[in-house]
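The values are calculated or read from the model by the stated rules, or taken from the named source; none is laboratory data. Keep in mind that this is a model prediction, so the values were computed, not measured. As a convention, Cβ positions derive from the backbone with ideal geometry for all residues, glycine included, and neighbour counts pool all protein chains shown.
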Amino acid sequence: MKKTILISICPLVGIISLCSLCSSTPESLNNQYIDYLENCVSDEYEEIPNDFYTYTGFRDWWRWPLVYPYSIHTIDIKYSEGILYDESAQDNIKDPNNGGYSFSELSGIDEFNFDCNFLLIKSRSKYYLFSFYTNEIEEFREESELLNAAEQVGYNAEKQLMTIEEYDKKVWDKK
């Protein structure tokens, strides 16, 4: 089993994990939850970038890991208007311009939830079912339609959608 080590040296001042100008690492990583995310990774991915599960973003750009290679990013306002991002082509997670791909049709994410195979999304006034393995996106007008479709494809996690802020607390184990 892979172990994640949280060591970060700020390129601006060279201090380990103390630089307020650099991205912060989570103060208390929820290792049990990260283990769940790692267990969801498809066998097609042999190597996951070191920072995928621990890098939270920089200044006014934030990110939250989902099932590799996906994450949710926000810009300017930390907990709103999320966008789904595919980071499979990125060898450096700390550079959002380094080969990642955003799903423009899946922007404005307000609430979501997921299991190892599917991501349920509420974005503005629409609902989406996204497959982590096929990249297929289904759009729905009502939450009940989304939940019915999720059940039909075998979605097996919590169906209650959560905000990005609620997910932040779950991943980084904040009280």
Handout entry: Counted residues, segment 125-134 - those being outside any strand (DSSP E or B) and either more than 20 Å from VAL41 (Cβ to Cβ) or in contact (Cβ under 8 Å) with a residue 24 or more places away in the chain (or both)
Key = 3
Practice task
Please determine, by comparing only the residues of segment 135-150 that are free of Cβ contacts under 8 Å to residues at least 12 places away in the same chain and of a type in the set (D, E, K, R), which one is farthest from LEU37 (Cα to Cα).
Solution key: GLU138
Fill in the blank from the handout: Note on segment 53-63: residues surrounded by 19 or more Cβ atoms within 10 Å (Cβ to Cβ) and either in a strand (DSSP E or B) or over 16 Å from the mean Cα position of the chain (by Cα) (or both) are GLY57, TRP62, ARG63
Practice task
Might you check whether a residue that is at pLDDT 90 or above and not in a loop (DSSP other than H, G, I, E, B) occurs anywhere in segment 40-52?
Solution key: no
Fill in the blank from the handout: Reported set for segment 65-124 where residues are among the polar types (S, T, N, Q) and in a loop (DSSP other than H, G, I, E, B) is SER80, SER88, GLN90, ASN92, ASN97, ASN98, ASN117
Handout entry: Some residue of segment 153-164 being part of a strand (DSSP E or B) and either under 18 Å from VAL67 (Cα atoms) or touching a Gly at 6+ places or on another chain (Cβ under 9 Å) (or both)
Key = yes
Practice task
Within segment 135-150, track down each residue that is surrounded by fewer than 18 Cβ atoms within 10 Å (Cβ to Cβ) and either part of a strand (DSSP E or B) or not basic (Lys, Arg) (or both).
Solution key: ASN135, GLU136, ILE137, GLU138, GLU139, GLU142, GLU143, SER144, GLU145, ASN148, ALA149
Problem - Criterion: within 18 Å of the chain's Cα centre (by Cα) and either within 17 Å of TYR85 (Cα to Cα) or not acidic (Asp, Glu) (or both) - qualifying residue of GLU158, GLU136, GLU166 - result: GLU136
Exercise for the section: Within segment 157-173, identify whether any single residue is touching a strand residue (DSSP E or B) at 6+ places or on another chain (Cβ under 8 Å), surrounded by 12 or more Cβ atoms within 10 Å (Cβ to Cβ), of a type in the set (Phe, Trp, Tyr) and modelled with pLDDT of 95 or more, and answer yes or no. Expected result: no
Practice task
Give segment 104-130 a look and list any residue that's touching a Lys or Arg at 6+ places or on another chain (Cβ under 9 Å), surrounded by fewer than 22 Cβ atoms within 10 Å (Cβ to Cβ), of a type outside the set (D, E, K, R) and modelled with pLDDT of 95 or more, or say none.
Solution key: ASN113, TYR128
Practice task
Report yes if some residue within segment 68-78 is under 13 Å from the mean Cα position of the chain (by Cα) and farther than 24 Å from ASN39 by Cβ; otherwise report no.
Solution key: yes
